[in-house]
Each structure stands twice: as C-alpha cells, then as structure tokens.
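Working notes, beginning with the structure itself.
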Amino acid sequence: MPNRGVLPLLLLSSLVLAGCERVVNVSGLDYQPRLVVEARLERERTASSADQVIRLSVTQDVFATVSQSAARGATVRVLDDANQATVFVESSQEPGTYRAAAMALPAGRPVTLEIVWGGDTYRSTEVMQPGVAMDSLFFKSEFDEVDTGQNWRATIAVQDPAAQRNFYVWDQWIDGRRLVSPDSEEVTRIVLSDDQFNGAKVRQFQPYSDWLVRPGQHVRVRQLSISEQGYRYFVALSAQTNNTGTPFGVPVSSVRGNVANITNPSKRAVGYFIAGEYSELERRVP
C-alpha cells in the first residue's frame, strides 16, 4: 500500500515542474531611449587651455544585445559667460565622440553645455572650479599595517584652502590603466568634501586604498575640483553601484543628472556635466 504522505508530495512536485515550463511573455513596456552625456571639461591648473572630449550615447532597452549605442549627428557647443561658443566636432573614427581643441576655460566662470540631438535641445550650466595643487605623491602602507614595502598604496599630501568649501574627485592610473573606466572592476569614484578638514594640511591620504602597487609600476594620480552639486551626484551614484541588496543598502533608484531637456523636460538626459581644474602627479614605485 503506498505511503499516503508521498502522494501529495509527488503531486506538488509535478505541479512545480509544470509551472517551470510556462513561457511568460513580457509586453507593454513603454521604453523611451535617453541621451547619455559624458561631459567632463578638465584643465590642468597651470595651463591656459586644453583639448576637450564629450561623449554621447543612447540607452537601450532591457532586451537589447548592447548596453549603449553612439548618439551620432548631434550639435554640441559650450558657451562662456559672454555667450561665446566653442563648437565640438564629431570624430569620424569614433561616432558619438565630439572634440574641441585648445579650449580656454577660466576658473570661477560659468560655462554652459548645449546639445541638440533627436529634435531636442539639452542644456546644463556649471562653474569652472579652481584647482588645488597636490604637494606630493609617495607610497605607504595603510595606517594599521606594518610598513614592509610589500603593501604600499599611492598616497598624497595636499593643503586644503580655507577660503572656500572644496569638493574633490580623484582618478588613478597604474601602468597606464585607469582604475575606474567602463570595463574596469573598480566602479566607485573616490570623492570628498573638505567639511572635516577645511584649511588643514592633509599629510597622508590614499584615494584608492584597496589597490596595492608594486616596485617598478608607474602611478599617476589626478585630483579634480568639482562643484557641490557634482559631489552629491557622485555620492548618489556610488551608493547605487555599491548597493548589495541587503536590508542595510540604500533603496534602488535612478540617479538624476544635471543635463535638462529644454524641449521636453520630462525626458532628461542621463549623466552629468562637470567643469574643473585639476592637479596631477606621477611617480614610479621604488
């Protein structure tokens, strides 16, 4: 005689297996492609001008085989506070990449990015942030480690100005490889405000303390000054990219940039427009 407890279990198992074979068709998704703006105007603080690059792409829907495609044929301009325009020309070798040569960007002055694409006009204004010089680049262990030379990190010293609030973002290259890039395993931008050290001498700071450096490697560190709004954008972006889905994680949400669609305000661009001076140091690990 069969076990009565086994029959309900077998019946339940067959129902579960049958449910796994059902094909679910997803329809009715109202997908609207968005313009993606990568506009970071940078100039070394001691230079009078610099070449600039702006990259534009288009978001794809969830079922697309590529994550983004180039936004071709846009009209891209940057206007200063006297309404003088610098026109960015699209590269014939890199669709969606727009370039301008020897562009002057005076610190402390507003600049406006204007993009015309897909029948819409996009606009954003930022103030060119004055740069802060790094004093030195050297290599040390973290503070709680014995400094044997086997666990060195790139370390900088900088004097923060006391006259104004400052906001920073750092980039680091090791042997020419940028630690944060579209295809890198590092996804977090290292950003700080000077609220805790305004006007102080920062003697040892390791922007990318998770990355060890080895003797003979070439290290380059760039410190870019950004606006408070840019700082808040990077903080929100890092919170989303580092969200692990635990109960202690931040709620999942879209990160709103500062590039507005003037033609259709409800269809904002994705990304951020930043303008600032930078300080850069490079050195080979001894």
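The values are calculated or read from the model by the stated rules, or taken from the named source; none is laboratory data. From a predicted model like this one, the values you see are computed outputs, not experimental measurements. Cβ sites come from the backbone with ideal geometry, for glycine too, and all protein chains shown count toward neighbours.
Structure values in brief
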read-out: Hey, Glu145 of a type in the set (D, E, K, R), modelled with pLDDT under 90 and surrounded by 13 or more Cβ atoms within 10 Å (Cβ to Cβ) or not; value: no
read-out: Test: residue in the range 143-165 that is over 23 Å from the mean Cα position of the chain (by Cα), of a type outside the set (Phe, Trp, Tyr), within 30 Å of Asp194 (Cβ to Cβ) and assigned by TED's automatic domain parsing to the domain that holds Ser48; value: no
read-out: Selected residue (criterion: farthest from Leu137 (Cα to Cα)) from residues of the range 193-219 that are in a strand (DSSP E or B) and among the polar types (S, T, N, Q); value: Ser193
read-out: Listing of strands (runs of 3 or more DSSP E) fully contained in the range 60-168 that carry 2 or more residues being of a type outside the set (A, V, I, L, M, F, W, C) and within 24 Å of Ser266 (Cβ to Cβ); value: 68-70, 75-79, 110-117, 120-127
read-out: Search result, residues across the range 227-286 that are of a type outside the set (Lys, Arg), at pLDDT 90 or above, over 18 Å from the mean Cα position of the chain (by Cα) and part of a loop (DSSP other than H, G, I, E, B); value: Ile262, Thr263, Asn264, Pro265, Ser266, Val285, Pro286
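Okay, residues lined up against (1) loosely packed, with under 14 Cβ neighbours inside 10 Å; (2) closer than 19 Å to Glu228 by Cα; (3) in contact with an Asp or Glu (Cβ under 7 Å, 6 or more places away or on another chain); (4) modelled with pLDDT of 95 or more:
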site	(1), (2), (3), (4)
Asp120	no, no, no, yes
Gly149	yes, no, no, no
Val158	no, no, yes, yes
Phe167	no, yes, yes, yes
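So that you can scan it fast, the table gives a plain yes or no per residue for (1) at pLDDT 95 or above; (2) closer than 18 Å to Val259 by Cβ; (3) surrounded by 10 or more Cβ atoms within 10 Å (Cβ to Cβ); (4) among the charged types (D, E, K, R):
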position: Leu7; (1), (2), (3), (4): no, no, yes, no
position: Ala18; (1), (2), (3), (4): no, no, no, no
position: Glu21; (1), (2), (3), (4): no, no, no, yes
position: Gly28; (1), (2), (3), (4): no, no, no, no
position: Pro33; (1), (2), (3), (4): no, yes, yes, no
position: Gln60; (1), (2), (3), (4): no, no, yes, no
position: Glu114; (1), (2), (3), (4): yes, yes, yes, yes
